[in-house]
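Colleague: One structure follows; several queries about it will come next.
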Protein chains: 2
Amino acid sequence: MVLPRAARTQRRTRIQEEKEEQILEAALEVFSANGFRGATVDQIAEVAGMSKPNLLYYFRTKEAMHRSLIDRVLDTWLDPLRAFDAEGNPVAEIRSYIRRKLEMARDFPRESRLFANEVLQGAPHIVDELKGPLKQLVDEKAEVIRSWAKAGKIAKCDPYHLIFAIWSTTQHYADFDVQVRAVLGQENDGEGRFEDAARFLEELFVGGLQVRE
Amino acid sequence: MVLPRAARTQRRTRIQEEKEEQILEAALEVFSANGFRGATVDQIAEVAGMSKPNLLYYFRTKEAMHRSLIDRVLDTWLDPLRAFDAEGNPVAEIRSYIRRKLEMARDFPRESRLFANEVLQGAPHIVDELKGPLKQLVDEKAEVIRSWAKAGKIAKCDPYHLIFAIWSTTQHYADFDVQVRAVLGQENDGEGRFEDAARFLEELFVGGLQVRE
DNA sequence: TGATAATTTGACCGGTTGGTAAACATTACA
DNA sequence: TGTAATGTTTACCAACCGGTCAAATTATCA
């Protein structure tokens, strides 16, 4: 029988497992570098090392690949924010949130760019997720930040814009990597750059959120 | 004669002037929303209100339109940074730089997204400009910031990462607009949001750069 | 081992896309 | 006003793209 993947029963073959992983890896590579429209199925197939019809045997459409990737990324992407602990020390929590986000930008730049591509072009596939689960999570954590400010543990500030600022500054190193490299030059291209960025951002946010008169 | 636009003599017709403007306006709309690959010439022609061959009479290729736009944007985009004055008051200079960048994100979001799309996908058309003119300008201004830090007027910090942080936080409101809107909700959608962002960012950077023991 | 299900491939299809050719229309200007 | 240059349109093309199909190959397991 030649049932499409989605319609098959629970049990997944070893080959299915492997090939789907292979495909998603290739799709991530291609989508993140070219956007949804800019990526071609042939290209993904080539990177995945298989023929196009073979690829389409596992994912019936280009959209299906993309959705599968987006869902996976969206979920793990928010882990650092979920880890934000209301009971912890505010400054330490913010500091570690920044560092974790920055590590993700360093270790998973393709995932960041996949997401950036999507949002930049109006987030046609994920508006609902943004307005639903994402907003809900941010609302919740914003309340935590607000309570810290109220208790005088950090400066009074708009928690939403604080979160946006952390997102944008950290993801910048993945999404605008080419620009960052171009401006900084070849020297200091590896771990040093990451540490410089981490140090700067931590001081910026910790200093900027210090309670002042 | 039917010479292509680029090969014509100096003098440009009134019609050329008008139509090229019309086309670039349409191209900006379409490119910024869909990326280079995602945009189609037909789409641009429709938005510009003319037939595709007519459009291609003014810009011989899709690339030519894109390049023309990118060149224009790249130039005006750096104006705020050029205005950075070594002689001015450091805190005031940084504050006004942030505000100006944020105003650009508000007033020219399409230009910001055009640029973001380009860089996100590896900046294939503008790597040279990034490594050349852009790097040079940033190097120059970084030196100014470093001198301020040395003179004890602001906290010691990596000037490059400071500039990246200002770029990313401000442009975020143009590039990730959909996400920002989704998280903040409909209420407070207009000028208020802009003012909130401006106030937050100014305090963040001014506070973060304050000289401390 | 053999039969059945799962996997892989080459050939192909209809729609879209960037771009062209050439005829037609309009404008500028002597 | 006449005419040459400029501007516009219709019809079209070759390449590409997402996806299908049926036949061939390989894996699974009774």
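Colleague: Considering only residues that are more than 15 Å from residue A:162 (Cα to Cα) and open to solvent by 30 Å² or more (accessible area, probe 1.4 Å), which ones fall in the stretch A:81-91?
Modeller: Here is the first cut: in the stretch A:81-91, the ones more than 15 Å from residue A:162 (Cα to Cα) are A:82-83, A:85-89.
Of everything in the stretch A:81-91, those that are more than 15 Å from residue A:162 (Cα to Cα) and open to solvent by 30 Å² or more (accessible area, probe 1.4 Å) turn out to be A:82, A:83, A:85, A:86, A:87, A:89.
Colleague: Related question: Within the stretch A:88-96, can one find any residue that is touching a Cys at 6+ places or on another chain (Cβ under 7 Å) and closer than 27 Å to residue B:208 by Cα?
Modeller: Kept after step one, since they are touching a Cys at 6+ places or on another chain (Cβ under 7 Å), are these residues of the stretch A:88-96: none.
Checking the stretch A:88-96: not a single residue is touching a Cys at 6+ places or on another chain (Cβ under 7 Å) and closer than 27 Å to residue B:208 by Cα.
Colleague: From the residues in the stretch B:202-213 that are in contact with a Lys or Arg (Cβ under 8 Å, 6 or more places away or on another chain) and open to solvent by less than 10 Å² (accessible area, probe 1.4 Å), which one is nearest to the other protein chains (Cβ to nearest Cβ)?
Modeller: Out of the qualifying residues, it is B:207.
Colleague: Is it the case that the stretch B:169-176 has a residue that's under 20 Å from the mean Cα position of the chain (by Cα), closer than 24 Å to residue A:197 by Cα and of a type in the set (A, V, I, L, M)?
Modeller: So the first thing to find is which residues in the stretch B:169-176 are under 20 Å from the mean Cα position of the chain (by Cα), and the list is B:169-176.
Checking which are closer than 24 Å to residue A:197 by Cα leaves us with B:169-176.
Filter once more, keeping what is of a type in the set (A, V, I, L, M): B:174.
Yes, that holds for at least one residue.
Colleague: Can you pull out the residues in the stretch B:25-44 that are away from DNA strand C (no atom under 13 Å from the Cβ) and out of contact with any helix residue (DSSP H, G or I) (no Cβ under 6 Å at 6 or more places or on another chain)?
Modeller: Scanning the stretch B:25-44 gives B:25, B:33.
Colleague: A further question follows. Taking the stretch B:45-58, which residues are more than 8 Å from DNA strand C (Cβ to nearest atom), in contact with a Lys or Arg (Cβ under 9 Å, 6 or more places away or on another chain) and either within 21 Å of residue B:112 (Cα to Cα) or among the aromatic types (Phe, Trp, Tyr) (or both)? Break it down into steps so the answer makes sense when it comes.
Modeller: Initially, the stretch B:45-58 is screened for residues more than 8 Å from DNA strand C (Cβ to nearest atom), giving B:45-51, B:54-55, B:58.
Filter once more, so that each one left must be in contact with a Lys or Arg (Cβ under 9 Å, 6 or more places away or on another chain): B:45-46, B:48, B:50, B:54-55, B:58.
Matches in the stretch B:45-58: B:48, B:58.
Colleague: Given the criteria open to solvent by less than 10 Å² (accessible area, probe 1.4 Å) and out of contact with any strand residue (DSSP E or B) (no Cβ under 6 Å at 6 or more places or on another chain), does residue A:176 qualify?
Modeller: Numbers: open to solvent by less than 10 Å² (accessible area, probe 1.4 Å): no; out of contact with any strand residue (DSSP E or B) (no Cβ under 6 Å at 6 or more places or on another chain): yes.
Against the criterion (open to solvent by less than 10 Å² (accessible area, probe 1.4 Å) and out of contact with any strand residue (DSSP E or B) (no Cβ under 6 Å at 6 or more places or on another chain)), residue A:176 does not qualify.
Colleague: Something else about it: Out of (1) touching a residue at least 24 places away in the same chain (Cβ under 8 Å); (2) more than 11 Å from chain A (Cβ to nearest Cβ); (3) open to solvent by less than 50 Å² (accessible area, probe 1.4 Å), what's the single condition that is false for residue B:99?
Modeller: That leaves (3) as the condition not met.
Every residue, every condition in (1) within 16 Å of DNA strand D (Cβ to nearest atom); (2) under 30 Å from residue A:35 (Cα atoms); (3) more than 14 Å from chain A (Cβ to nearest Cβ); (4) surrounded by fewer than 16 Cβ atoms within 10 Å (Cβ to Cβ), yes or no:
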position	(1), (2), (3), (4)
B:44	yes, yes, yes, no
B:55	yes, yes, yes, no
B:76	no, yes, yes, yes
B:79	no, yes, yes, yes
B:94	no, no, no, no
B:124	yes, yes, no, yes
B:130	no, yes, no, no
B:133	no, yes, no, yes
B:154	no, no, no, no
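Colleague: OK, next. Which ones in the stretch B:135-152 are more than 7 Å from chain A (Cβ to nearest Cβ) and open to solvent by 40 Å² or more (accessible area, probe 1.4 Å)? Lay out the reasoning, then the answer.
Modeller: Residues of the stretch B:135-152 more than 7 Å from chain A (Cβ to nearest Cβ): B:136-137, B:139-152.
Result: B:136, B:139, B:140, B:143, B:146, B:147, B:150, B:151, B:152.
Colleague: Moving to a separate point now. Which condition breaks for residue B:86 when tested against (1) in the same structural domain as residue B:159 (by TED's automatic domain parsing); (2) within 16 Å of DNA strand D (Cβ to nearest atom)?
Modeller: The one condition residue B:86 does not meet is (2).
Colleague: Tell me yes or no: at least one residue of the stretch B:12-34 is at pLDDT 95 or above and not in a helix (DSSP H, G or I).
Modeller: The answer is no, given that none of the residues of the stretch B:12-34 is at pLDDT 95 or above and not in a helix (DSSP H, G or I).
Colleague: Here's a follow-up. Among the numbered criteria (1) more than 30 Å from residue A:33 (Cβ to Cβ); (2) open to solvent by 10 Å² or more (accessible area, probe 1.4 Å), which single criterion is violated by residue A:159?
Modeller: Of everything listed in (1) more than 30 Å from residue A:33 (Cβ to Cβ); (2) open to solvent by 10 Å² or more (accessible area, probe 1.4 Å), residue A:159 misses just condition (2).
Colleague: Report the residue count in the stretch B:189-201 for those that are more than 8 Å from every other protein chain (Cβ to nearest Cβ), of a type in the set (Asp, Glu) and more than 13 Å from residue B:103 (Cβ to Cβ).
Modeller: Restricting attention to the stretch B:189-201, the residues satisfying the condition of being more than 8 Å from every other protein chain (Cβ to nearest Cβ) are B:189-195, B:198.
Still in the list and also of a type in the set (Asp, Glu): B:189, B:191, B:195.
Next, from what is left, pick out any that are more than 13 Å from residue B:103 (Cβ to Cβ): B:189.
Of the residues in that region, 1 qualify.
The values are calculated or read from the model by the stated rules, or taken from the named source; none is laboratory data. These numbers come from a predicted model, not from an experiment. Reconstructed Cβ throughout: ideal geometry from the backbone, glycine too, with neighbour counts over all protein chains shown. Just so you know, the surface numbers come from the protein's heavy atoms only, side chains and all, with ligands and any DNA or RNA stripped out. Shrake-Rupley method; radii C 1.70, N 1.55, O 1.52, S 1.80 Å.
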